[in-house]
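Novice: Take a look at this one; I'll ask things after.
The values are calculated or read from the model by the stated rules, or taken from the named source; none is laboratory data. Only a predicted model underlies this, so the values are computations on that prediction, with no experimental measurement involved. In this analysis, Cβ positions are derived from the backbone assuming ideal geometry, glycine residues included, and neighbour counts consider all displayed protein chains. All accessible areas refer to the heavy atoms of the entire protein, side chains included, with ligands and DNA or RNA removed. Shrake-Rupley method; radii C 1.70, N 1.55, O 1.52, S 1.80 Å.
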Amino acid sequence: MELLHFNGPVWRPPFEATSQLLQVTAGCSHHRCKFCSLYGTQKFRMSPMEEIEEDLKVIQVYQPRAHRVFLTGANPMVLTFNRLADIALLIRKYLRDGQPTIGCFARITDISRKTEEELRNLRQLGFDYISIGTESGDDDVLVRMNKGYLSADIVEQCHRLDDAGIHYNLTYLTGLAGQGLGNRNAIRTAHVFSQIHPASVNFVSLTLFQDSILYDEVKRGEYTPATEHERIDELVTLIQNLNCKTQLIGNTVSNPVTFTGGLPADRDLLIHDLQAAKAALSEDNLEQYRMNIKSL
Ligand code: SF4
């Protein structure tokens with residue numbers, strides 16, 4: 001049996017669960033966000049084109065009608081336009097029957113390095129519904145966490161994706177601002193996300209593991225994580241203030257209170273359910289839940 005090439009940890013958004021995975025990069029080209037331990041010691045690596053083609057030959061045998069291909073690695077969008085185009089053409093060559101669209105994680109800085117024409121061509125080549133780990137729209141949080149861009153960059157680059165017709169999913173990392181700052185983070189982020197058009201916002205609640213920089217800051221008393229009840233209040237504030245048509249997806253293991261719904265239609269219901277969960281679940285129970293999370 002032929003095996004596909006995978007180096008190091010592989011992550012994908014929950015809604016890509018049925019997508020065919022294809023490794024084109026491994027690790028993260030940025031690798032500096034303080035809260036992140038997703039890729040461990042994995043160094044950023046670009047897959048040789050021969051390796052990608054070998055994998056596509058295997059996929060052609062087992063998933064010839066794949067309708068969606070998710071390119072793995074923290075930010076394949078960092079690859080040059082020419083390389084991404086070559087990958088897309090290979091996917092078309094080997095998976096002609098399924099005519100798959102192509103998804104991947106992207107950093108805001110990866111998008112800024114592409115021209116308008118390149119973005120439009122990527123859309124024509126099948127790239128759509130890409131996932132951007134924005135985490136926050138609060139500049140103080142973005143700087144504190146070494147994200148490498150500011151809220152104005154999020155707005156500018158997402159507008160460029162809008163213009164190119166590329167839909168995008170954003171991630172919001174609940175609790176990231178730290179204790180006492182969640183509501184500010186939510187209001188500032190809602191202001192930023194309301195200026196753009198995310199197809200969905202994926203909610204992950206901050207869960208620190210030992211190999212992150214932020215974990216060490218907690219141990220040194222330099223950062224205090226938000227309480228669990230505070231995080232629910234933060235979500236309520238964000239949902240109250242978010243003025244765009246989008247899907248909210250909070251169903252990963254990091255969310256002790258799961259929720260999904262569309263804005264604006266489900267706004268009141270989502271807020272009601274979150275507030276009811278806060279009233280029903282003690283802080284101790286919720287903290288215990290988070291302490292038992294072994295992996296995201
Ligand atoms: S959060 Fe994303 S961009 Fe930041 S280090 Fe982790 S994988 Fe890289």
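Novice: Most mobile of Asp128, Asp138, Asp216 per a Gaussian network model of the chain (Cα springs, under 10 Å)?
Specialist: Largest GNM mean-square fluctuation: Asp216.
Novice: Starting from one equal scatterer on each C-alpha and no solvent at all, send me the Debye-based log10 I(q)/I(0) for region 104-196 at q = 0.16, 0.19, 0.20 Å⁻¹, two decimals.
Specialist: Result of the Debye calculation: -0.62, -0.83, -0.90.
Novice: Against the globular-protein guess of 2.2 N^0.38 Å, express the Cα radius of gyration of region 165-296 as a ratio, rounded to two decimals.
Specialist: Region 165-296 yields a ratio of 1.04.
Novice: Give the calculated FRET efficiency between Cys244 and Ser295 to the nearest 0.05, with a Förster radius of 22 Å applied to their Cβ-Cβ distance.
Specialist: 0.10
Novice: Which order do the peptides 105-111, 226-232 take when ranked by the mean count of other beta-carbon atoms within 10 Å per residue, highest first?
Specialist: Listed from highest to lowest mean packing, they are 105-111, 226-232.
Novice: Can you send over the carbon and sulfur percentage of the accessible area for region 80-131, probe radius 1.4 Å, protein chains only?
Specialist: The computed percentage sits at 43.
Novice: Please find the FRET efficiency linking Thr115 to Asp273, where r is the Cβ-Cβ separation and R0 is fixed at 35 Å, and quote it to the nearest 0.05.
Specialist: My answer for the efficiency is 0.20.
Novice: Return one whole number: the accessible area per residue of the chain in Å², for a 1.4 Å probe.
Specialist: About 46 Å² of surface per residue is accessible.
Novice: What aspartates and glutamates does Lys57 reach when the alpha-carbon gap must be under 19 Å and sequence neighbours fewer than 8 apart in one chain are set aside?
Specialist: The reachable aspartates and glutamates, counting only those whose Cα sits under 19 Å from Lys57, are Glu2, Asp86, Asp97.
Novice: Once you have the Kirkwood Rh of region 42-92 from its Cα pairs, apply Stokes-Einstein at 37 °C and 0.692 mPa s and quote D in µm²/s.
Specialist: 275 µm²/s
Novice: Once Lys and Arg get +1 and Asp and Glu get -1 on their Cβ, which of Asn169, Ile59, Gln20 lies farthest toward the positive end of the dipole of the chain?
Specialist: The Cα lying farthest towards the positive end belongs to Ile59.
Novice: What number, in nm² with one decimal, is the all-direction average of the projected area of the convex hull of the alpha-carbon atoms of the chain?
Specialist: 15.1 nm²
Novice: Can you check what the Kirkwood hydrodynamic radius comes to for region 1-128, Cα pairs only, in Å to one decimal?
Specialist: Radius from the Kirkwood sum: 14.9 Å.
Novice: Projected onto the charge dipole of the chain (+1 at Lys/Arg Cβ, -1 at Asp/Glu Cβ, origin at the Cα centre), which of Ser212, Ala276, Leu238 gives the Cα projection farthest towards the positive end?
Specialist: Ser212
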